[in-house]
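Structure record follows, encoded as C-alpha cells.
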Amino acid sequence: MSARGWWPALRRWLDDRLGLEAVLGFLRNKPVPRSGHTIWMYTGSAILIFFAVQVVTGVVLAFYYRPTLEEANASVARIMTDVPLGWVVRSIHSWSATFMIVFVFIHLVSIWILKSYRKPRELTWMTGVLLLFCALFFGFTGYLLPWDDLSLSATKVGTDIPRALPVIGDFFTKLLRGGEDVSGETLSRFFTIHVSILPLALLAVLALHVFLIQKLGMSLPLEAEVNKKRLPHFPFWPNFVFREAVLWLVLFGVLLTAAFFLPPGLGRAADLRAPAPEGIKPEWYFLFLFQTLKIFPAKVWFLKGETLAVLCILAGVLFFFFVPLIDNKPASRKGKILTVVAWLFVVYALAMSAWSLAGPKPAAGAEEGLSAGPRSAGERTGMYVFLAWTWTMIVFLAFVLRGKVREVDKLHAAGFFGAGDDPHRK
Amino acid sequence: MKLKTTLFTRRKFLNGLLAGGLGSFLASLLFPLLRSVIPPYKEPDEVRLPGADFEGLAEGEVRGFAWDIKPGFLRKDAGGGWTAFVGVCTHLDCNVSFLAAEKKYFCACHDGWYDAEGRNIAGPPPAPLRRLSVSVEGAEIVVRKEPPS
C-alpha cells in the first residue's frame with residue numbers, strides 16, 4: 001500500500017468498527033459560546049493536563065517507592081539522590097499537584113459565581129465536587145508517603161478528625177489508619193489508596209463528569225439564558241482546542257520551571273514516639289481547615305469543641321455538594337446571596353491560611369533533612385539547556401497555534417465548518 | 001372478609017421478597033470485607049522498664065519511655081512514687097512534648113497545653129492526658145493500663 005493510502009484505509013477500518021466519525025462530528029458541532037465567561041472554560045482542561053502529568057510521574061515514583069516503616073523515608077531519599085533525575089520527577093509530581101489544586105479551586109469558584117450548576121447541570125456540579133474530594137484525598141494520602149515528621153503529625157490529625165463524629169466516626173478513623181493509631185499499617189494503606197483506589201475512583205467519576213459536560217453543552221451567561229439571546233460561538237474542535245493548547249503549553253513550561261528551581265526537600269524519617277514538631281502544617285490547601293480546628297475552644301456549650309468544628313465542616317461540605325438543589329431558582333434569578341457566600345468562602349479560606357502561615361514557624365534546624373537539586377555541574381547545565389529548549393519550543397508552537405487559531409476562526413466565520421449555527425441544542 | 005380490590009398484588013409481594021433477599025445477600029457479602037479491613041491491635045497490659053534507666057531522677061523530673069508505639073512520660077513524684085502519662089494529645093492525637101522549664105506538656109499541632117498533672121489547661125484539648133498506673137517491682141518499674149474508673 002502506498003504511503004498515502006494506508007492512513008485513510010486504517011481510519012476507515014477503525015471508523016467502521018468504532019464509529020469515530022460520529023465522535024469527531026459531535027466535537028466539531030459542539031458550540032462553545034463566546035462571551036466574557038469563555039475564559040473560565042479553559043480551567044477544566046488545565047486540570048486534566050496536570051492530572052495526566054501526575055499519572056506519568058506517579059508511575060515512575062511508584063517504581064522506586066517502598067511503603068513500609070523502615071524503607072519509606074529512605075526510598076524517597078533514594079529517589080532524590082540515586083535515581084537519575086529522580087528529584088526532578090518527584091518535584092514535578094509535587095508541583096503538578098499544587099497547580100492542579102489551584103486550578104480545581106479556580107474552576108469551582110468560577111462555576112459557583114457564574115451559576116453554571118443550575119438546571120440541567122446539577123449532576124455535573126455534584127460529580128465535580130466528588131472529583132474535588134478525590135483530588136484533596138490524593139493530596140492528603142500523598143503527603144504521608146515520604147514519612148517525615150511533618151507528614152506524620154499531619155496524618156495523625158487528619159485521620160483523627162472523623163473520630164469526632166458520633167457513632168460512625170470511630171470506624172472511619174480505624175479504617176483509615178488500619179487500627180487504633182497511625183502506624184506502618186497506615187502507611188501501606190495510604191499508599192494503596194493513593195496509587196490504586198483513588199485513581200480508579202477519579203477516572204470513573206471523571207468519565208461521568210466529562211460525559212455530562214458533552215451531553216448538556218456549555219452553560220451561557222445568565223442574561224443570555226434568560227433572553228434566549230444568541231451569542232457568538234465557535235466549534236469546540238478545532239477553534240477551542242487550539243486555543244486551549246496554547247494554555248497547556250505555557251502551563252507545562254511554568255510547571256517544569258518551578259519544578260527545576262524549587263524542588264521539595266525531605267524531612268527526617270518520622271518517629272512514631274517523637275513529639276510533634278513545632279510549627280507543623282498540612283499542605284497549603286488544608287491550612288484553612290487546620291486553622292479552623294485551632295480556633296475552636298475545648299468546650300462549646302455541651303459539645304466538645306472538635307466535634308462542633310467537625311460538624312460545622314461537614315455541614316459546609318454538604319451545603320457545597322447540594323448547592324444546585326438549594327439554589328434551584330429559574331435562570332432569571334441572579335442568586336446574589338450565593339455569590340456573596342462564594343466570595344465569603346474565598347475570603348475566609350485566604351484569611352485563615354494567611355493566619356496559619358503567620359503562626360509558629362518550624363524551629364531553625366528542625367528541618368535538617370535532605371534538600372533536592374542538581375547533583376553536579378553537568379546536571380545543572382543540562383537543566384538550563386533543557387529549560388531553554390522547552391521554552392523555545394513552547395514559544396514556537398504557541399506562535400504556530402496562533403496562526404492556526406486565526407485560520408480556523410476565519411474558516412468558521414466563512415461558515416466552512418458549518419458548526420452549530422444553533423448555539424444551543426436544548 | 002374478602003377485599004374487593006387488593007393494594008398489594010402477589011407479583012409485588014414476590015418481587016419485594018426477591019429484591020429484599022438479593023439485597024440482604026449482597027449486604028452480607030460486605031461483612032467479611034469490613035471485618036478484614038481493620039487489623040487486630042491490642043494495647044499492652046503492661047510495660048516493664050529497667051529501674052536503672054530512671055535512677056537519679058530528681059523529684060518532679062520527667063523522662064520519656066515507650067508505651068508500645070506511643071510515647072509515655074514517667075515522672076518521679078515528691079513522695080518517691082511515680083506518675084505516668086500517655087504522651088498523646090486528647091485533641092487530635094498528636095504526640096506532646098514536656099517542657100521542663102515550664103513544667104508543662106505542650107502539643108505543637110494546635111497549641112494545646114497541659115500542666116504537670118496532665119490537666120488540660122489551655123488550647124483545644126478537651127480532656128486531661130491519659131494516666132497509667134506505675135508500681136515498682138524489684139529492679140523494674142512496671143507501667144500498667146489504669147483500670148477504668
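Points worth noting:
- Convex hull per residue volume in Å³, alpha carbons only, for the protein assembly as shown: 274
- With N counted as the residues of segment A:236-372, its alpha-carbon radius of gyration over 2.2 N^0.38 Å works out to 1.50.
- Take each residue of peptide B:94-103, count the partner chain Cβ atoms within 10 Å of its Cβ, and average: the result is 3.
- Chain A contacts chain B over a buried accessible area of about 2500 Å², both sides summed; the probe is 1.4 Å and only protein chains count.
- For segment A:30-88, convex hull of alpha carbons as volume per residue, Å³: 123
- Rounded to 10°, Cα long-axis angle of helix B:10-36 versus longest principal axis of chain B: 20
- Ratio of Rg to Rh over segment A:110-177 (Cα coordinates, Kirkwood Rh, two decimals): 1.14
- Segment A:ALA207-A:ALA74, extension gain: residue separation times 0.36 nm, minus the distance between their alpha carbons: 44.2 nm
- Chain A: angle of helix A:20-29 to the longest principal axis, Cα-based, in degrees nearest 10: 80
- Modelled FRET efficiency - R0 60 Å, B:ARG48 with A:ALA414, Cβ distances, 0.05 increments: 0.10
- Cβ-defined net charge surrounding B:LEU17, 12 Å radius [Lys, Arg +1; Asp, Glu -1]: +3
- The GluC sites (Glu not before Pro) of segment A:1-105 that DSSP puts in a loop, and whose beta carbon has at most 11 other beta carbons within 10 Å, are A:GLU70.
- The relative contact order of chain A, computed from alpha carbon pairs under 8 Å that lie at least 6 residues apart in sequence, is 27 percent.
- Cross-link partners of B:LYS103 among aspartates and glutamates, defined as those whose alpha carbon lies under 17 angstrom from its own and excluding same-chain residues fewer than eight positions apart: B:GLU59, B:GLU61, B:ASP77, B:ASP111, B:ASP115, B:GLU117.
- Exposed loop positions in chain B were taken to be GluC sites (Glu not before Pro) whose DSSP state is not H, G, I, E or B and which have at most 12 other beta-carbon atoms within 10 angstrom. Between these positions, the longest stretch is B:1-54.
- Site pair A:VAL56 and A:ARG34 shows an inter-label distance of 3.2 nm when each label is modelled 7 Å from Cα along Cα→Cβ.
- What the phi angles of segment A:171-184 give under the Karplus curve with 6.51, -1.76 and 1.60, with θ = phi - 60°, is a coupling list of 4, 5, 4, 5, 4, 5, 7, x, x, 5, 10, 5, 8, x Hz, glycine and proline written as x.
- Looking at chain B, the DSSP beta bridges with both ends there are about 100 percent antiparallel.
- Spacing of the two label points (7 Å from each Cα toward its C-beta) at A:PHE172 and A:LEU20, in nm: 4.5
- Extending 7 Å from the Cα toward the beta-carbon at both A:ILE313 and A:LYS336 defines two label points whose distance is 3.4 nm.
- Cα-based reach from A:LYS215 at 16 Å (exclusive), listing lysines while leaving out same-chain residues under 8 positions away: A:LYS30, A:LYS119, A:LYS426
- In this structure, the pairs whose alpha-carbon distance is over 22 Å, taken from A:LYS115/A:LYS329; A:LYS281/B:LYS42; A:LYS156/A:LYS281, are A:LYS281/B:LYS42.
- The fraction of Cα-Cα pairs per 5 angstrom bin, counted from 0 for segment B:43-149, comes to 2, 13, 25, 24, 20, 11, 4, 1, 0 percent, rounded to whole percents.
- Cα long-axis angle, helix A:72-81 against chain A (0 to 90 degrees, to the nearest 10): 60
- Rounded to 0.05, the FRET efficiency of the B:THR5 and A:LEU123 pair, given R0 = 45 Å and the Cβ-Cβ distance, is 0.70.
- Isolated cysteines of the protein assembly as shown, defined as having no other cysteine beta carbon under 4.7 Å away, are A:CYS134, A:CYS312.
The values are calculated or read from the model by the stated rules, or taken from the named source; none is laboratory data. The structure presented is a predicted model; accordingly, all values stated were derived computationally and were not measured. A quick note on method: Cβ atoms are made from the backbone with ideal geometry, for glycine too, and the neighbour counts reach across all protein chains shown. Only protein heavy atoms, including side chains, enter the accessible area calculation; ligands, DNA and RNA are left aside. Shrake-Rupley method; radii C 1.70, N 1.55, O 1.52, S 1.80 Å.
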